[in-house]
1. Could you look at region 5-60 and say what percent of its accessible area is carbon and sulfur, using a 1.4 Å probe and all protein chains?
2. Taking a cut-off of 24 Å, what percent of all Cα-Cα pairs in region 32-173 are separated by more than that?
3. Using 0.36 nm times the number of residues separating residue 162 and residue 115, minus their current alpha carbon distance, what extension gain do you get?
4. What angle, in degrees between 0 and 90 and rounded to the nearest 10, separates the Cα long axis of helix 2-12 from the longest principal axis of the Cα atoms of the chain?
5. For residue 7 and residue 33, what does the FRET efficiency come to when R0 = 30 Å and r is the distance between their Cβ atoms, rounded to the nearest 0.05?
6. Would you mind working out the accessible area per residue for region 79-173, using a 1.4 Å probe, and quoting it in Å²?
7. Where nothing but the Cβ of Lys and Arg (+1) and of Asp and Glu (-1) is charged, how large is the charge dipole of the chain around its Cα centre, in debye to the nearest 20?
8. Kindly sort 60, 103 by accessible area of their heavy atoms, largest first, with the probe set to 1.4 Å.
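The values are calculated or read from the model by the stated rules, or taken from the named source; none is laboratory data. Worth saying up front: this structure is predicted, and the values here are computed from it rather than measured. Positions of Cβ are backbone-derived with ideal geometry, glycine not excepted, and every protein chain shown enters the neighbour counts. Ligands, DNA and RNA are stripped out before the accessible areas are found, and what is left, the full protein with its side chains, is counted by its heavy atoms. Shrake-Rupley method; radii C 1.70, N 1.55, O 1.52, S 1.80 Å.
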Amino acid sequence: RFKAFRIEAVEKGFRYFLEVFNPNVEDCGLAPEDISNYVIDQIARMLAGIPRASRPEFLKIAYNGPESMEALVNYDPSVVVGILGGPASTTYDSYKLISEAKKHGARVALFGRRIKGAEHPCAFADILRSVADDDVGPEEAVRAYHHELEKRDIEPHRSLGDDMMLETPALRH
């Protein structure tokens with residue numbers, strides 16, 4: 001079906017991105033530490049069989065840590081690798097995630113649920129952009145976001161201390 005989709009996409013001038021998720025079952029037959037290598041291997045095998053004309057514009061994957069991101073980015077530099085934001089989380093987790101992913105080669109980030117779930121989505125996204133542009137570090141960005149909420153008289157979901165926690169497993173290493 002993917003092959004048929006790609007052929008039709010080329011014929012119609014349709015550009016697309018490919019979103020690849022980690023296995024979402026606890027007992028998928030792989031040790032947790034092997035999942036990122038499995039996902040990268042499957043992506044590499046799939047891309048190897050796709051002509052450049054029908055390749056996705058970019059990949060959207062879960063951030064599985066620095067080694068995993070660098071391996072995928074270095075596999076084929078013509079492939080733009082991006083990250084998905086995953087579930088809503090702490091502000092620090094979001095800002096740290098984009099910072100770390102970029103540091104290790106990601107060039108796109110789609111954080112829909114994280115932005116939508118923020119107390120003030122526009123302020124959250126503006127500061128997220130500042131982190132992505134390396135204008136501010138993740139820790140300082142969280143404080144700036146809380147300051148923005150305070151200026152707007154918006155009650156934060158979490159205290160500043162609670163909002164400085166990491167929840168994405170790949171960031172805890």
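1. Details: 2020 of 3880 Å².
Carbon and sulfur together cover 52 percent of it.
2. Working: 3392 of 10011 pairs.
Value for region 32-173 (Cα pairs over 24 Å): 34 percent.
3. Values: separation 47, 0.36 × 47 = 16.92 nm, distance 1.80 nm.
This chain segment gains 15.1 nm when fully extended.
4. Compared with the principal axis, the helix lies near 90 degrees.
5. Details: r = 37 Å, r/R0 = 1.24.
It comes to 0.20.
6. Working: 4970 Å² over 95 residues.
Heavy-atom accessible area per residue stands at 52 Å².
7. 920 debye
8. On the way: 60 30, 103 135 Å².
From most exposed to least exposed: 103, 60.
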